[in-house]
């Protein structure tokens with residue numbers, strides 16, 4: 001698996017888009033994998049009764065997917081130091097979650113990537129990920 | 001639904017506000033009380049929970065990676081957990097009985113009790129000091145960091161509550177920390193403001209509701225009020241007579257000087273019907289329509305919602321609630337007033 | 001005074017059906033021809049026409065179809081079925097004042113096969129006219145069918161006086177009993193029991209299906225002339241002893257929910273007082289009454305407002321067949337709009353004329369005066385017709 005090194009990362013470069021189909025299976029399996037049994041993440045009847053249109057992603061999964069988005073691009077050598085997410089509209093089952101990202105800054109060894117995860121209703125999560133890369137060998 | 005534990009996610013949902021929601025607003029008695037409680041909770045400092053039931057382990061990591069679709073081999077190769085998995089280790093899971101006390105709970109409960117029933121998570125920030133290692137048990141420690149508000153938000157008046165969790169590893173060193181912020185708000189059907197970022201139901205384009213009121217210069221104030229979550233009653237500026245439905249001229253004194261009062265939002269069923277047939281456009285049957293008598297002395301027609309049809313009766317106490325029928329129209333409705 | 005200056009000298013109708021298969025204008029023309037034939041008058045005699053504002057057939061269109069010549073009086077009466085007796089009142093004023101000599105009142109519609117009044121119409125609250133604005137306090141909440149508007153009053157009436165759905169049901173049973181022996185009635189040969197009423201499905205609680213009148217296609221026409229002239233015509237005149245229109249304080253169309261009391265029909269009180277005043281009669285002088293029965297509860301309220309019994313006493317008045325053909329006050333011997341047809345009250349006026357003539361299939365013995373009312377819950381009207 002390819003891994004990026006410090007010298008390969010440029011401020012302003014853009015990460016490839018990642019699009020995830022939020023099937024009910026994705027919503028439910030990630031909720032359970034994050035040990036979150038809140039019914040709105042797996043029981044569509046309860047979700048609707050509470051005013052949601054369907055089951056939706058839990059926040060622990062949003063954090064996990066943001067991390068995956070960046071490490072898919074950065075490779076196994078990168079180390080994630082910080083994830084700051086501002087939460088927006090729900091990501092409902094049946095929707096599609098698309099991530100875009102841009103490298104915006106570097107401070108010492110730490111690079112910051114701005115990430116935006118959009119669904120059809122708007123921004124589901126926006127924020128920054130700070131990470132380090134292996135030095136060029 | 002019970003309030004989520006501090007470390008689980010608050011679902012973006014709203015519940016009806018209790019009727020007797022005390023007046024909030026900056027500097028009000030309630031506002032002072034909430035901030036005093038917040039200060040007390042902050043002063044409690046960090047409260048430690050029990051170590052995680054499961055140590056950091058390969059099956060849970062593998063399961064998590066599979067679910068996320070994350071193929072990064074580094075974690076299992078190096079015997080560490082993915083950083084973003086940090087909160088998973090100390091989730092209560094289905095063992096709700098072991099929910100631990102934290103300084104956050106009292107604060108959230110008090111907000112809910114005072115009418116700030118809606119909850120939506122706004123921020124989640126995690127910092128990872130070092131990877132959590134296989135075999136290690138993590139211990140969470142939670143502190144309440146502060147209450148900000150009241151703020152007028154697109155969802156309604158509310159308070160932002162923030163807390164921090166630090167996870168300590170086997171060596172009692174901090175492995176990761178998290179800042180989590182929620183907005184606790186008094187739900188109101190949103191007015192014509194721009195679609196708020198965090199209004200789940202707002203972004204779903206609704207079918208235009210077919211039963212629209214005609215509005216003219218004599219009635220516009222009423223519908224403007226409804227959009228602001230106010231039930232306005234026309235009042236003659238000269239003789240003070242209240243009047244609903246409103247009109248251009250005071251029938252008592254001929255004055256065309258009009259103003260309005262904002263009703264208390266309470267009412268009593270004066271009469272009602274349960275509509276079964278024929279089908280009504282934009283409505284599901286059966287539904288209840290009532291003539292509601294207000295303590296201010298006028299009557300108004302509206303639907304009774306959040307109540308089984310056979311529980312409705314003349315004399316029943318109601319409180320006003322506001323429902324968005326589509327992206328533009330909000331209608332005042334009535335819900336049973338809890339005793 | 002209008003008293004006894006005019007008379008109804010001819011009545012005519014089409015068949016009552018659920019699908020006439022003919023245009024509304026044709027129905028109007030057929031009913032007018034029948035009424036003129038009944039009176040022994042020719043189309044050329046007609047110089048005045050009155051109908052409902054809701055009628056889709058203009059007076060001049062009907063005049064052209066029947067071959068009438070010049071008209072010197074035309075007028076329309078508003079407020080739905082509240083117009084029915086009002087058309088006769090307008091015609092009576094016209095002939096009494098010399099505006100016209102022979103005035104035809106008509107109502108023609110395909111109310112079942114065409115636009116059905118019982119179906120919700122989202123346009124009701126659409127325009128910022130005074131009526132659109134009035135409707136806008138109700139229509140957005142789905143309160144938009146006649147049954148629901150009446151049900152709101154019925155619920156309050158039940159609460160105030162302890163009346164029950166069975167009390168309303170007794171009206172339906174009486175009407176269907178009368179219709180059962182009227183060959184012109186849609187429900188000819190189809191009486192119902194109180195149990196059947198109770199078992200019928202909800203339309204708008206507290207109203208069952210059998211509390212609601214039918215919807216019909218058809219037309220009715222009446223010929224009004226001076227009483228003096230009427231005495232020289234073919235049929236015995238039904239003299240218009242009194243005619244009245246009335247609206248109450250704080251009146252609205254079907255939704256007068258904002259005035260002091262919701263358990264009565266103050267506008268019918270207005271009409272009743274005027275009728276008794278003008279005629280010099282009292283309830284005991286009435287042998288049979290035609291009470292507008294689009295929905296059963298308002299028959300009770302009318303009995304009270306007109307003084308046949310006190311407020312809240314109608315349930316007792318109805319018991320033991322009180323308004324049936326052999327009861328203390330036979331109401332709607334033709335079966336009313338619940339049993340015969342819904343022609344917006346005009347078929348009831350025709351029945352009143354037959355009762356005066358002594359020619360009804362369900363004739364009440366010894367009729368001298370008949371009281372007739374029009375649509376309830378709206379600004380309304382009434383007549384007292386007498387032998388003469």
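Here are the numbers for the structure shown:
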item: Alpha-carbon centroid distance for the pair the stretch C:327-358 / the stretch A:36-106, whole angstrom; result: 72
item: Simple label model, 7 Å out from Cα along Cβ direction - residue B:338 to residue C:60, nm; result: 6.7
item: Förster-model FRET efficiency, 45 Å R0, residue B:257 and residue A:123, C-beta, rounded to 0.05; result: 0.40
item: Å³ per residue enclosed by the Cα convex hull of the protein assembly as shown; result: 197
item: Computed E for residue A:110/residue B:173 - FRET, C-beta separation, R0 25 angstrom, nearest 0.05; result: 0.75
item: Where N is the number of residues in the stretch C:178-329, Cα Rg divided by 2.2 N^0.38 Å; result: 1.20
item: Debye equation applied to the C-alpha atoms of the stretch C:146-188, log10 I(q)/I(0) at 0.18, 0.32 Å⁻¹; result: -0.64, -0.99
item: Whole-number percent relative contact order across chain B, with pairs defined as alpha carbons under 8 Å at least 6 apart; result: 14
item: Shielding score for A:73-80, defined as the mean number of other chain Cβ atoms within 10 Å; result: 3
item: On Cα atoms only, tilt of C:84-97 relative to the major axis of chain C in degrees; result: 30
item: Surface/4 estimate of mean projected area, convex hull on alpha-carbon atoms of the stretch A:6-132, nm²; result: 7.6
item: Two-decimal Rg/Rh across the stretch B:220-328, once Rg and the Kirkwood Rh are taken from alpha-carbon atoms; result: 1.01
item: Cβ neighbours within 10 Å from other chains - mean over B:278-291; result: 5
item: Ranking of B:223, B:64 by count of other Cβ atoms within 10 Å, fewest first; result: B:223, B:64
item: Burial ordering of B:209, B:159, fewest other beta-carbon atoms within 10 Å first; result: B:209, B:159
item: Bins of 5 Å, starting at 0 and running to the largest distance - Cα pair percent for the stretch C:209-249; result: 5, 14, 16, 11, 14, 17, 13, 7, 3, 0
item: Partner chain coverage, peptide A:4-13 - average Cβ within 10 angstrom; result: 0
item: Residue order, fewest to most surrounding Cβ atoms within 10 angstrom, among B:145, B:255, A:52; result: B:255, B:145, A:52
item: The stretch A:1-23 versus the stretch B:212-270: alpha-carbon centroid distance in Å; result: 59
item: Alpha-carbon radius of gyration plus Dmax, which is the widest Cα pair, for the stretch B:29-185 in Å; result: 17.5, 57
item: The protein assembly as shown, helix-only ellipticity at 222 nm - DSSP H runs n ≥ 4, -39,500 (n - 2.57), divided by all residues, nearest 500; result: -7500 deg cm²/dmol
item: Protection proxy ranking, peptides C:356-367, B:176-187, average beta carbon neighbours within 10 Å, highest first; result: B:176-187, C:356-367
item: Alpha-carbon spread of chain C, three principal axes, descending order, Å; result: 53, 49, 40
item: Estimated FRET transfer efficiency (residue C:196, residue C:113; beta-carbon r; R0 30 Å; 0.05); result: 0.70
item: Nearest-ten-degree value, helix C:146-161 long axis tilted from longest Cα axis of chain C; result: 60
item: Angle in degrees between helix B:29-43 and the longest Cα principal axis of chain B, rounded to the nearest 10; result: 0
item: Distance between modelled label sites at residue B:264 and residue B:35, nm, 7 Å Cα→Cβ extension; result: 2.9
item: Descending semi-axes in Å of chain B, equivalent ellipsoid built from Cα gyration tensor; result: 50, 22, 17
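The numbers here are math on the coordinates, done by the rules we state, and not lab data. If you're wondering where the values come from, they're calculated on a predicted model, not measured in any experiment. Cβ coordinates were reconstructed from backbone atoms using ideal geometry, including for glycine residues, and neighbour counts include every protein chain displayed.
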